[in-house]
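Just so it is clear, none of the values below were taken in a lab; they were calculated from the coordinates. Remember, it's a predicted structure, so these values are computed and weren't measured experimentally. Cβ atoms come from the backbone with ideal geometry, glycine included; neighbour counts cover every protein chain shown.
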RNA sequence: GUGGCCGUAGCUCAGGUGGUUAGAGCGCCAGGUUGUGGCCCUGGAGGUCGGGGGUUCAAGUCCCCUCGGUCACCCCA
């Protein structure tokens, strides 16, 4: 009698095989696009030393990190010295600093791995989820041109994923900081709060944000000027450039940020990226404050409520905690698990088997024939499953149907005497009798 | 970390004011004559009503505690 209820920790996504196939296809597409832009794969261990991972003791981050230790260490009363990675950026920083001497700069890496966060799980919030990250990291300085490459990658990626139209929103944190300091919002703490409120313009509307800012102690006139400049929403093409040029260059940060954004826009145009996919939106800020320049967010048109599905930005120094070298970079990240889960809810991902053919077994005398046919199909490159025990044909067909296997091979006594087989297509409900020697070629024609 | 809602078969849920052997749909299994699936028909398996305590002649139904799930906020992917 079972005594343990089979259940898993909340906040993890576990799929049935047909959905898992769809997920892997999506991951394959992402990887192919990353590689097509010349990014190299790396993989880091799930567990990092706590002294490495938890150096930036951000209060919230620390609260969400899963600590780990061996049972032996625990029995001896030691504090956990290991922790599960909560993102891919900190491990990248450690990786680059550790292997700096052997890497080829500018270093372009992609990384597709799970991360863990001890959150209160809710819809779209997971404790274990896959991130797909790319970053370009260089020593001393990194050209602004790399900032323009990111939207090209995002655009190619979401076009290939074929899940509808999307908008890549750009902003520049330097510009925002300059704007805030021009408005007298100087403290980094207050700036952080203001940027987070600005980020909510989309969701909460201008009035709610104005009230929230006023509650932070900002004067009404300042709030008004801020929302006038940052609040016109996403602007595309000429309108975006004109809006930027009309901004007052009140300080160095503002003019530098604005120039960076303008040059990114001009590079994007040169690359031939679809201009309808690109918008400038001065309200996006990204929560993380290690971004220093360009920032990106991507939303799916018509599904803005999902939030950003691909975000990133430019940072001044990736690994200041681990290395004396100055390592500026720019990168983007896809919260893949959330994206996949939401797309599945919206019915935007398919579900299929990766098994292409089922070879049935009608009677034991046909065992060697069926085994040979399955072998022929596999040699020809088709994913083939074979039924190993005889059973009613109706059951074998039902099995294939339920499993999502499109083709079924039937070779009973009659067919064997004729040197033929039945090839049934479950999708079209059609069936042809063909010579056994034609099997691979016929399957190839159908699939 | 703060606050709201919910816990009855594998899943989604019914079960007025407490009262005989707790139900439905879907799913699952087996049949509907010998080798053709998704439809239909018949039959079957499956629940100590999250757990513990209390009130009562009697509790899935009322009260308390506890565990679990879920949503919003915070923060984020």
Seminar exercise, completed: Each label sits 7 Å from Cα toward the beta-carbon; between residue A:18 and residue A:422 the label points are separated, in nm, by 2.3
Seminar exercise, completed: Rg from C-alpha atoms of segment A:220-322, normalised by the globular rule of thumb 2.2 N^0.38 Å, equals 1.16
For this session: Please state, rounded to one decimal and in Å, the Kirkwood hydrodynamic radius that segment A:170-276 gives when every pair of distinct Cα atoms enters the mean of 1/r.
Result: 14.6
Problem set entry | Approximate spin-label separation residue A:324-residue A:119, in nm, with each point projected 7 Å along Cα-to-Cβ | 4.0
For this session: Would you work out if segment A:141-228 is rounded, prolate or oblate? Take a ≥ b ≥ c from the square roots of the eigenvalues of the alpha-carbon gyration tensor; rounded if a/c is under 1.5, else prolate when a/b is larger than b/c, oblate otherwise.
Result: oblate
Exercise. Using alpha-carbon positions, what is the distance between the centroids of segment A:217-232 and segment A:113-152, in Å?
Worked result: 31
Problem set entry | Pair residue A:393, residue A:9: separation of 7 Å Cα→Cβ label points (nm) | 5.1
Exercise. Please report, for the Cα atoms of segment A:357-446, the Rg to one decimal and the Dmax as a whole number; what are they, in angstrom?
Worked result: 11.6, 30
Problem set entry | 0 to 90° range, to nearest 10: angle between helix A:237-246 axis and chain A longest Cα axis | 20
For this session: Report the calculated FRET efficiency for residue A:87 and residue A:67 (r = Cβ-Cβ distance, R0 = 25 Å), to the nearest 0.05.
Result: 0.95
For this session: Could you list A:200, A:245 in order of exposure, starting from the residue whose Cβ has the fewest other Cβ atoms within 10 Å?
Result: A:245, A:200
Exercise. What ratio of Cα Rg to 2.2 N^0.38 Å holds for segment A:1-140?
Worked result: 1.24
Exercise. So how much slack lies between residue A:434 and residue A:36, counting 0.36 nm per residue of separation and subtracting their Cα-Cα distance, in nm?
Worked result: 139.1 nm
Problem set entry | Within segment A:344-373, backbone nitrogen closer than 20 Å to the virtual label 7 Å beyond the Cα of residue A:25 toward Cβ | A:344-358
Problem set entry | Per-pair calculated FRET efficiency, R0 = 41 Å: residue A:46 and residue A:442 via Cβ, rounded to 0.05 | 0.35
Problem set entry | Within chain A, helix-based [θ] at 222 nm, where runs of 4 or more DSSP H residues each add -39,500 (n - 2.57), nearest 500 | -13000 deg cm²/dmol
Problem set entry | chain A: antiparallel DSSP beta bridges as a percent of all, rounded to 5 | 80
Exercise. How big is the equivalent ellipsoid of chain A along its three axes, where each semi-axis is √(5λ) from the Cα gyration tensor, reported in whole Å from largest to smallest?
Worked result: 51, 27, 21
Problem set entry | Ranked list, fewest to most other Cβ atoms within 10 Å of each Cβ, for A:238, A:42, A:446 | A:238, A:446, A:42
Seminar exercise, completed: Listing A:357, A:309 by rising number of other beta-carbon atoms within 10 angstrom, fewest first, gives A:309, A:357
For this session: Report, in whole Å, the centroid distance computed from the Cα atoms of segment A:81-108 and segment A:367-443.
Result: 50
